[in-house]
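The values are calculated or read from the model by the stated rules, or taken from the named source; none is laboratory data. All figures in this text were calculated on a predicted structure; none of them were measured in a lab. When we count neighbours, we look across all protein chains shown, and the Cβ atoms used for this are built from the backbone with ideal geometry, even at glycine. Accessible surface areas use protein heavy atoms only, side chains included; no ligands, DNA or RNA. Shrake-Rupley method; radii C 1.70, N 1.55, O 1.52, S 1.80 Å.
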2 protein chains.
Amino acid sequence: MGPLATAHFYRMLIELTPACADQEHLPVAIWADPRVPDRTAALMDGGASPVPSLVAGARWLQAAGAELIAVPCNTAHAYLPEVRRQSGAEFLDLPTAAIATALAWQPKRLGLLATRGTRQALIYEQAAAPYGIEICNVTESAQRTLVDTAIAAVKSGAGRSIATRLVTRAVCELVAGGAEVIIGGCTEIPLVASEARTVAPVIDSAASLAAAALERMSFRSPPPAV
Amino acid sequence: MGPLATAHFYRMLIELTPACADQEHLPVAIWADPRVPDRTAALMDGGASPVPSLVAGARWLQAAGAELIAVPCNTAHAYLPEVRRQSGAEFLDLPTAAIATALAWQPKRLGLLATRGTRQALIYEQAAAPYGIEICNVTESAQRTLVDTAIAAVKSGAGRSIATRLVTRAVCELVAGGAEVIIGGCTEIPLVASEARTVAPVIDSAASLAAAALERMSFRSPPPAV
């Protein structure tokens, strides 16, 4: 849904594929309609629901022959059960894929950088619960001044260097609070996490999703770099 | 058709869009089926024709509501007149877009780095003819040891640093032969042209195509960086 995040996911899918020629890559159809209503606005402020758009997209991908759908937007996962019910399509679960990547560190506490919508829907808390892993969030002040601002800066295409600094500060706050590994739980976050990775591992949830897609489609790939 | 080239084109389309939020970007559908038969093998060695696959892709994009189709593969343009005839779809012309970018330098001689298929089909010679611009090609030896090898290395995902060196050497040969500006006339070439750009401008034909798509869809963007 975020165009840059979608492009990044597609690139990760290609990079993680052990192919030696074009013809060995997965056939992919991408439905990138940025007019889908804002997911966080729908969850937090009663904005227009993204469900009708997402169902239309799923149906279009099904018509294209898609066996499996990956949605590289964490916040949209709050709506996927309903989209799955209406479309009958099979979806990968992004939070589950990201948590699976995090398990390599055997963490007790994961820091989460995500939209307010993802936090409110407890998407990562639910995915982490089976492993007894605690999810730590940034403070309300840091959410507003660091995380929300960084995500908006990436989406606007204008302020990637500023966003990089903001994400680093947010990661420092989470690490100070006891988080061992950070989940880049909004697909815009990994695009500006290079500096933050000098502080702690920051899991690229889009790369985890790409690895899960390849696994499911029977390509074996090494675990994605964080 | 080359997956990395497709991902790069999509990224260029996003980066060149003057949008401040997701919702201001173009809706995009991508049909990325790497099983399309090799275009150069079809043109040079009587391999399977890519036309049926390309027509199927065009029809699928039309069904998705696409008003305009961009094909970020130069060699495929040898087949587009037939695909256009069979599908009725509207296609942008990649060589024309790349030549339009090159005009900024007012060149007399353009160096071309492309597949054997693109060379054989005289795609760039035809696009440059209305401007009285001459197209220079590398020698047969350089085509084999530098250009073909670099393109295959990018497509295999294994040798991007080697490919970078090979492209630089090919650009040096073209410049020594009098070329003032180089056309990265295979969409894999710009992915490994960073070093070559210290020798001469290397036009990213995928970025030119993205700019042409935005222009046609009424987004005004600055000319793409070479």
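Which of the numbered conditions does residue A:87 fail, given that it passes all the others? Conditions: (1) more than 26 Å from residue A:152 (Cα to Cα); (2) at pLDDT below 95; (3) open to solvent by less than 30 Å² (accessible area, probe 1.4 Å); (4) not hydrophobic (A, V, I, L, M, F, W, C).
Result: residue A:87 fails condition (2) only.
Could you check residue B:82 against (1) of a type in the set (Asp, Glu); (2) open to solvent by 20 Å² or more (accessible area, probe 1.4 Å); (3) within 14 Å of chain A (Cβ to nearest Cβ) and say which number it fails?
Single failed check for residue B:82: (3).
Kindly provide the set of residues from segment A:46-68 that are open to solvent by 40 Å² or more (accessible area, probe 1.4 Å) and more than 13 Å from chain B (Cβ to nearest Cβ), ordered by number.
A:46, A:49, A:52, A:67
Looking at this structure, is residue B:11 at pLDDT below 90 and within 7 Å of another protein chain (Cβ to nearest Cβ)?
Considered against the rule, which asks whether it is at pLDDT below 90 and within 7 Å of another protein chain (Cβ to nearest Cβ), residue B:11 comes out as no.
Of the conditions (1) touching a residue at least 60 places away in the same chain (Cβ under 8 Å); (2) under 21 Å from residue B:26 (Cα atoms), residue A:58 satisfies every one except a single condition; which number is it?
So the condition that residue A:58 fails would be (1).
Within the bounds of segment A:31-39, is there any residue that is surrounded by 21 or more Cβ atoms within 10 Å (Cβ to Cβ), within 23 Å of residue B:157 (Cα to Cα), within 7 Å of chain B (Cβ to nearest Cβ) and within 16 Å of the chain's Cα centre (by Cα)?
Looking through segment A:31-39, none of the residues is surrounded by 21 or more Cβ atoms within 10 Å (Cβ to Cβ), within 23 Å of residue B:157 (Cα to Cα), within 7 Å of chain B (Cβ to nearest Cβ) and within 16 Å of the chain's Cα centre (by Cα).
With respect to residue A:43, is the statement that it is more than 10 Å from chain B (Cβ to nearest Cβ), open to solvent by 30 Å² or more (accessible area, probe 1.4 Å) and within 17 Å of the chain's Cα centre (by Cα) true?
yes
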